[in-house]
Amino acid sequence: MTDLPQHDPIYQLNYQWFIEQLSFKQLAEQYGTPLYVYSRAALTRHYQQFDEAFGFIDHQVCFSVKSNSNLAVLNVLARLGAGFDIVSGGELARVLAAGGAAEKIVFSGLGKTEQEIEHALTVGIACFNVESAAELERINTVAARLNVRAPVSLRVNPDVDAKTHPYISTGLKDNKFGIPAETVFDTYARAAELSHIEIIGIDCHIGSQLTESTQPFVDALIKIKEMILTLQQRGITLKHIDIGGGLGVRYYDETPPTPAEYAAALKPLLLELGLKVYMEPGRAISANAGVLLTTVDLLKPTVHKNFAIVDAAMNDFIRPALYGACMSIVRVEAAPHDLAPKTWDIVGAVCESADFLGKDRDLALQQGDVLAVLGAGAYGFVMSSQYNTRPRAAEIMVDQAGSTVVRQRETLASLWELETLLP
């Protein structure tokens, strides 16, 4: 296993930025930009923080694959004993290809197809997190065809405000996710009647990037506890509770709770329930284990705004355009002494006004400078596209003083290799 540095694996030293023992500058020179770079040590550290924080109870940390599905990232976590939270058959196939254990996989998502359900049952996943009564019936149908019993947990929508961006809030009654609280008991009763369903748990996920406090998690767990006790009174005994994910990270100036503080807040209620605990952190493990390196291509100062046009764009990293996310953007090395800082919008070359990585950043810039978008290990490459016929970036994994290409940079020809001209 990677020896963890005493300092954070992504750090600044003598005005230069490093990831483990390699400088951002040398990685940009070696591999080109735009470039996603991940730290094996950071992934390890962030996973272990969750695993150790919940050491007081039987638990399984299931990394949320949608945050970063690179095979090498998944393989690092699988070697540590991680489980995985998936939302598609494609993610299931990725986890298995990366060496993940099927029996540590929970299958979330509200649109599971019969083919996806059949594959998951065939390989023997731990549990389906069921999002609707219709899905429950579909799982039972497929399980009956295979002559097996499907392990299920119902994902409950507790109507708790996560106080996060509306696009990543999932636990309000207005959100599409989960089974409404008022129909939970009827749905469990129906599950108990179905011949090829085995009820094993209850699941709750209220949103993503929660940074203000642990109270929304506690509020949701209190509601889930009441449901568990009522289910016991009705003869339905559960084996586990899935507390979801959503713990936030520092992107710019946030001060989110740590995994230890998160676990401590939930500890009394979890010990009282005495069930095995599943959790689904994604961003909290991968975000600050990765960066996006980009080069300043052109500078365009104007009377009203100064624009630094870089070679990464919204197709490479869509979070600022999609969520208005504010990410730290730094020079990878000190600016020359005679270069004065100005206020810049850091923008890409995609033909959209929403194409920006950051606005109003005070930086001393010149053409050819390399910048780093910090915190880009989650919802970065995994949400990238080929919009404007732009090849997607390469991905690199750093392990101490070594680096490995874990996804090749796309070529122009590769972008249309699945297309054909008319005869």
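Extension gain, A401 to E333: 0.36 nm times the residue separation minus the Cα-Cα distance gives 22.6 nm.
Proximity of backbone amide H atoms, modeled 1.01 Å from N, is registered between D242 and I202, D203, C204, Y278 at under 5 Å, excluding neighbours fewer than 5 places apart on the same chain. For segment 112-117, backbone phi angles converted through the Karplus equation (6.51, -1.76, 1.60; θ = phi - 60°) give residue-by-residue couplings of 5, 7, 4, 5, 5, 5 Hz, Gly and Pro being listed as x.
GNM on the chain, alpha-carbon springs under 10 angstrom: the most fluctuating residue among D186, D399, D297 is D186. When both segment 85-129 and segment 1-71 are represented by their alpha-carbon centers, they are found 25 Å apart.
Largest GNM mean-square fluctuation among T258, T211, T404, using the chain with Cα springs under 10 Å: T404. Taking chymotrypsin sites (Phe, Trp or Tyr not before Pro) as exposed when their DSSP state is a loop state and no more than 16 other Cβ atoms lie within 10 Å, the longest site-free interval of the chain runs over 57-251.
If you run the Gaussian network model on the chain, springs between alpha carbon atoms under 10 Å, then out of A82, A42, A53 the most flexible one is A53. Figure legend: label point modelled 7 angstrom from the Cα of E198 along Cα→Cβ; residues of segment 235-253 with amide N under 17 Å from it are 236-241. Compute the distance from the alpha-carbon center of segment 303-332 to that of segment 229-266, in whole Å. Using only Cα atoms, the two centres lie 33 Å from each other. In the chain, the DSSP beta bridges split such that about 50 percent are antiparallel, to the nearest 5.
Cα gyration tensor of segment 108-281, axes a ≥ b ≥ c as square roots of the eigenvalues: rounded (a/c below 1.5), prolate (a/b > b/c) or oblate? In terms of gyration-tensor shape, prolate. Dividing the mean sequence gap of close Cα pairs (under 8 Å, 6+ apart) by how many residues the chain holds gives a relative contact order of 19 percent.
Sequence-ordered 3J(HN,Hα) estimates for segment 74-89 from the Karplus curve with 6.51, -1.76 and 1.60 and θ = phi - 60° stand at 5, 5, 4, 6, 4, 5, 7, x, 5, x, 9, 9, 10, 10, 7, x Hz, glycine and proline given as x.
Spherically averaged projected area of the convex hull of Cα atoms, segment 351-423: 8.2 nm².
Cross-link pairs exceeding 18 Å between alpha carbons, from the set K66/K225; K305/K359; K104/K276; K66/K276; K66/K267: K66/K225; K66/K276; K66/K267. For segment 133-141, 3J(HN,Hα) computed residue by residue from phi via the Karplus equation (6.51, -1.76, 1.60; θ = phi - 60°) reads 5, 5, 5, 4, 5, 5, 4, 4, 4 Hz, glycine and proline entered as x.
FYI, it's all coordinate maths here, none of it is from the lab. Because the structure is a prediction, the values reported are computed rather than measured. Using ideal geometry, Cβ is built from the backbone for each residue, glycine included, and neighbour counts are taken over all protein chains shown.
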